[in-house]
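The values are calculated or read from the model by the stated rules, or taken from the named source; none is laboratory data. All of these numbers come straight from a predicted model, not from anything done at the bench. Please note: Cβ atoms are built from the backbone with ideal geometry, for glycine as well, and neighbour counts cover all protein chains shown. Each accessible area value is taken on the protein alone, full model and side chains, heavy atoms only, with ligands, DNA and RNA left out. Shrake-Rupley method; radii C 1.70, N 1.55, O 1.52, S 1.80 Å.
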Amino acid sequence: MASPEKQQFIADSIQYWNPGKTQAWQDMQVDLVIDRRQGYFLFDMDGRRLIDAHLNGGTYNIGHRHPELIEVIERAMTRFDMGNHHFPSLGRTALAKELARICGGDMHYTIYGSGGGEAIDIAIKTARHAKQKRKIVSVMRAYHGHTGLAVCAGAERFSTLFLSDRPDEFPQVPFNDLDRMEDALKGRDCAGVIMETIPATYGFPMPVPGYLNEVKRLCERYDALYIADEVQTGLMRTGTMWGYQRYGVQPDILVTGKGICGGMYPIACVVVREPYAGWLKQDGFGHMSTMGGAEIGCLVAMKTLEILERPTMVAHVNYVSETMRNGLGRIMDLYDDFFVGIRQCGVVMGLEFDYPEGAKPVMKHLYEHGVWAIFSTNDPRVLQFKPGVLMSAALCEELLERVERAIGLARAECLGGARGRLKSAA
Amino acid sequence: MTAIVAELLAGAKRPIGRADQMLDVAEWAAAAYARFDHRAVDAIVCAAAEAGHAKAAALAEAAVKETGFGVVAHKTLKNQMTSRGLYEHYRGQDFCSKRVRAADKVVELPRPAGVVFALTPSTNPVCTVYFKVLLALMTRNAIVVSPHPLAKECSAEAARTMAEAAERAGAPAGVVQVIDEPNLALVEHVMASPRVQVILATGGAPMVRAAYGSGNPAIGVGPGNAPVLVDATADADAAARRIVESKSFDNSVLCTNESVVIAEEAVSDKLAAAMARYGAVMVKDDEVAPLRQALFGAGTFAVDLLGRSAATIAQRAGVRVPASAKVLLAPIDRVGLDEPLSREKLCPVLGFIRVPHARAGISMARALVRMAGAGHSAAIHSRSSETVMAFASALRSLRIVVNAPCSQGAAGYGTHLAPSFTIGTGFFGRSSVGENIGPEHLINWTRIAYPDDASEPMGDFAGLEPWTSLGPLAGGREAPMSLGVLQEGAPPRAPKTAHAAPRAAAIDEMAVLREEIRRLVQDELRRALRS
């Protein structure tokens, strides 16, 4: 039961901030109000500790309030502020050079936004300029943000709400369906295809082998650019710096947001292959953003990348992901009439439950058991499960213990019976 | 990037952050490695040892070049002894399997410490790294090495050589790691980390004390200052040969080297003459003062003469000796604080003092150890068991090497002590372990104990191996088996029911379809409600 202070706070949030959203969480019995954060822990305003396995879509990939990010912000603030977006700046150029080095090849220019949505808009505008075509193909029920163009590439729930949908310019096709993709592209009237390497909000369905490579080949065949939305799959979450590297795909445009800012200072980046960045030469003032590429954010992003490039990182994320995979596999054995699938690539995971909107009761029981993970908006049978890349062995073990208990209780709630068919753990 | 940006990014927390990430991975690696069986561990230790052995000479040269200490040939030998030699010494021993003591109704399971944090010195850099890494690998521990800053390059290279070989032989990623840029603040941070289970501290006294002060379990070693007593029953010629051999070995950088020769009058001239034949040079009485000044003029031992040759030291002291001189003998008339030459000297300079009889020699040796080097080593050359016993029981030393070179003998070479480059100085020497450190010091044992009551039988553990025969333990949570290598494909589970199979394409298409239907129904409802 929430404290009187918290109840009052929630009432205030309904009154002054966002009644629909605040109430929706109360209806799902998640009365979370996050106060303090540290590492992979959230502390509710009533003091309850939660392991963060949502990470706000990877924003807190390296943990909340990473001490090195705090330090770099403090140091940067002794000299810089956001900066003046019209001029070359020390931070922006330095980060752009780093991204060019990390991405390699002719992934050459970086354009900055203040958040992922703006970055997606920049990517779409860049593709349109490069190809002088308007259409952008995206995946059904996808999510790319809420700005003017990004929202059109996502599930129509968010575009039609604001009468902002543009179905003629944004054809959508099912994920993992190459025929539909080719149908959409073969008129040669599309500037690009935008896709998350593994669609997050759709519960991380894994691309079937060869799918992404084939999409890229279709793009080449039909004169469209491949835009990789790596907001949730980038930054070592799949065991490589960018998710597309896992699948051997070379995008024409890369979008990174969320985790790149370490959750500390907003920034998002679009990295563009040299041949497709023509507008930067034709009219470099073509896209402006006062806060896009804020200079302190650039330093934070550089530090985040530095942390992720350390020699221990690959082994670390592989250890975390494999332990999760093993442990979740064992839990699935215990409750295999309810917990029916694990979608996994590195620490990008979707847990499937064989029950309508089954991820919601799981989320609720996880919340009661000190774990925060969120259902997939566009496939609520699936829980998005996103452990941090720097999690310790002990924390992984604790997380799995809590997940096992919560899934058992959720199963009992959904399917009845005191507990799952408990089998020998051996 | 510009200097300004580089400067802003280079905060004090960077090295600490890097080290914490190393410890995290070490912890994971230790969890994985703790489930290896003896055969797999043996293959890994062998591979690491062979890789170290192959670079023994190159890294000996690199160490002398980097530090200026010691002799390449001797360091090569030490590097060989601490790589292949150490592997061969422990080859038959198993620190990974259960031990059943049926008579006691006890089963013992070896439990690795986890993450070992190893401080290694500048004097014996490569061989100490080799030694500690192999000890950790034998016992299924992960190890993070922090070399002495003066020897950081050769030490890091040594650690990486073994790390790469171990991983190639199947060890988990990150099981052996090294801090490339060690500094005091960083070392103190790591020593105090809750991720470190035991500190293996070899180095100067302040570092060893800091290890004990860290709050973590530590195995540290105190300084040495070994007396060597030669009594009238000794074979003077053999004693002379052994002492010179020991004192000149690697220019005396081993902490087990002899510090002061205590010779019974009856044999002292013979001994001195024999030592001269083997390459020791007795300096003249009026040369003792300049030698003392060169070595201890600043109050403490002149670090720039550490591990240098006898000729170099003589030259510094203004003493003329032949270039072939292996050891300088300094005649002294007392030991104690008022004779600096009776302190520890990690260089080929030996004090030389005569005593009227063995009993006086024992008192003298006791005084030497009282001043410094308690719990460490001492040597005696004698054929009298009685004198040996009196010497051993009088001295607060934990290794008494008889009729052998002390440098090597106390470190377990040419004796049956454990071969070691970390000499436990025990309670006398403010340490937790009094023996030569070996693999057994890096594990604890879980003991399964049945009642001594005969009516309660002991279980049958034949064929049960704790980590290898039971499959995943603790819900598959305790140990990643991929060893930090990327795993591809489906989760580790055979689908049991039709709907359990994560058939990506099929499920996704069904999910899309379901979503479509749900959306259509909702739209339908909404429209119905609106109208």
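Residues of the stretch B:1-21 whose accessible area, computed with a 1.4 Å probe over protein heavy atoms, drops by at least 40 Å² once all protein chains are present relative to their chain alone are B:1, B:4, B:5, B:8, B:9, B:13, B:14, B:18, B:21.
Just to make sure I understand: if all protein chains stay in place, what is the order of B:366, B:168, A:157 by accessible area at 1.4 Å, largest first? Please list the in-between numbers first.
Working: B:366 110, B:168 185, A:157 145 Å².
Sorted descending by solvent-accessible area, the residues read B:168, A:157, B:366.
Using heavy atoms of the protein chains and a probe of 1.4 Å, the accessible area assigned to residue B:209 is about 80 Å².
With every protein chain present, what is the per residue accessible area of the stretch A:67-309 (1.4 Å probe, Å²)?
Working: 8790 Å² over 243 residues.
It amounts to 36 Å² per residue over the stretch A:67-309.
Please say if the stretch A:55-115 is rounded, prolate or oblate, where rounded means a/c under 1.5 for a ≥ b ≥ c the square roots of the C-alpha gyration tensor eigenvalues, and otherwise the choice is prolate for a/b larger than b/c and oblate otherwise? Walk me through the numbers before you get to the answer.
Numbers: a/c = 1.89, a/b = 1.16, b/c = 1.63.
It comes out oblate by the Cα gyration axes.
Is the shape of the stretch B:119-200 rounded, prolate or oblate, going by the alpha carbon gyration tensor and its root eigenvalues a ≥ b ≥ c, with a/c under 1.5 for rounded and a/b larger than b/c for prolate? If you can, show how the numbers build up before the last one.
Details: a/c = 1.79, a/b = 1.22, b/c = 1.47.
Oblate is the answer for the stretch B:119-200, as a/c is 1.5 or above yet b/c matches or exceeds a/b.
Taking all protein chains together and rolling a 1.4 Å probe, residue A:45 ends up with roughly 70 Å² accessible. Counting, for every residue in B:25-32, the Cβ atoms of other protein chains within 10 Å of its Cβ and taking the mean gives 6.
I'd like the carbon and sulfur percentage of the solvent accessible area for the stretch A:155-276, probe radius 1.4 Å, heavy atoms only, ligands and nucleic acids excluded.
Values: 1980 of 4030 Å².
The nonpolar share, carbon plus sulfur, comes to 49 percent.
Residue ranges B:252-260, A:378-386 sort as B:252-260, A:378-386 when ordered by packing (mean number of other C-beta atoms within 10 Å per residue, highest first). Computed over the stretch B:244-308, the convex hull of the alpha-carbon atoms projects to a mean area of 5.2 nm².
Hey, any idea what % of the stretch A:277-426's accessible area is carbon plus sulfur with a 1.4 Å probe? Walk me through the numbers on the way to the answer.
On the way: 2260 of 4260 Å².
After summing per-atom areas, the C and S share lands at 53 percent.
For the stretch A:334-354, heavy-atom accessible area (probe 1.4 Å) falls by no less than 40 Å² from the chain alone to the full protein assembly at A:336, A:340, A:342. Mean-square fluctuations from a GNM of chain A, with a 10 angstrom spring cutoff on Cα atoms, peak among A:295, A:71, A:156 at A:71.
Over the stretch B:226-410, what percent of the accessible surface lies on carbon and sulfur atoms, probe 1.4 Å? Could the numbers behind the result be given before it?
Working: 3600 of 7110 Å².
It is 51 percent, rounded to a whole number.
The separation of the stretch A:124-190 from the stretch B:320-369, counted between C-alpha centres, amounts to 88 Å. For the stretch A:304-321, a decrease in accessible area of 30 Å² or greater in the assembled protein chains relative to the isolated chain, with a 1.4 Å probe, applies to A:306, A:310, A:312, A:315, A:316, A:318, A:319.
What's the average, rounded to a whole number, of partner chain beta-carbon atoms within 10 Å of each residue's beta-carbon in A:164-175? Mind showing how you got there, number by number?
Working: counts 0, 0, 0, 0, 0, 0, 0, 0, 0, 1, 7, 6.
Counting other chains' Cβ atoms within 10 Å and averaging over A:164-175 gives 1.
Out of the chymotrypsin sites (Phe, Trp or Tyr not before Pro) in the stretch A:111-201, which ones are loop residues according to DSSP with at most 14 other C-beta atoms within 10 Å?
Those satisfying the criteria are A:162.
Per residue, the convex hull spanned by the Cα atoms of the stretch B:226-410 measures out at 92 cubic angstrom.
Label positions at residue B:265 and residue B:394, each projected 7 Å from the Cα along the C-beta direction, are separated by 1.6 nm. Rg/Rh, computed from the Cα trace of the protein assembly as shown with Rh as the Kirkwood radius, has the value 1.08.
Of all beta bridges DSSP finds with both residues in the protein assembly as shown, what is the antiparallel percent, to the nearest 5? Before the final figure, lay out each step's value.
Details: 41 of 96 bridges.
In the protein assembly as shown, DSSP labels about 45 percent of beta bridges as antiparallel.
Residue ranges A:87-93, A:223-229 sort as A:223-229, A:87-93 when ordered by packing (mean number of other C-beta atoms within 10 Å per residue, highest first). Using C-alpha pairs under 8 Å with a sequence gap of at least 6, the mean separation divided by the residue count of chain B gives a relative contact order of 17 percent. The listed residues A:166, B:140, once ranked by accessible area (1.4 Å probe) with the largest placed first, stand as A:166, B:140.
Residue by residue through A:217-229, how many Cβ atoms from other chains fall within 10 Å of the Cβ on average?
Details: counts 0, 0, 0, 0, 0, 0, 0, 0, 0, 0, 0, 0, 0.
That average works out to 0.
Taking the Cα centre of the protein assembly as shown as origin and assigning +1 to Lys and Arg Cβ atoms and -1 to Asp and Glu Cβ atoms, the resulting dipole is close to 820 debye. Shape class for the stretch A:67-309, computed from the alpha carbon gyration tensor (a ≥ b ≥ c): prolate, with a/c not under 1.5 and a/b above b/c. The Cβ shell under 12 Å around residue B:241 holds other residues with a net charge of +1, Lys and Arg each +1, Asp and Glu each -1. Legend: residues B:326, A:364, A:303, A:258, sorted from most to least accessible area (1.4 Å probe; ligands, DNA and RNA excluded), read B:326, A:258, A:364, A:303. Projecting the Cα atoms of B:200, B:213, B:224 onto the dipole axis of the stretch B:143-248, where Lys and Arg carry +1 and Asp and Glu carry -1 at the beta carbon, places B:213 farthest toward the positive end.
Per residue, the stretch B:33-147 exposes an accessible area of 31 Å² to a 1.4 Å probe, with every protein chain left in place.
Interface between chains B and A: roughly 5700 Å² of accessible area buried, both sides summed (probe 1.4 Å, protein heavy atoms only).
Scoring B:341-347, A:31-37 by mean Cβ neighbours within 10 Å over their residues and listing the highest first yields B:341-347, A:31-37.
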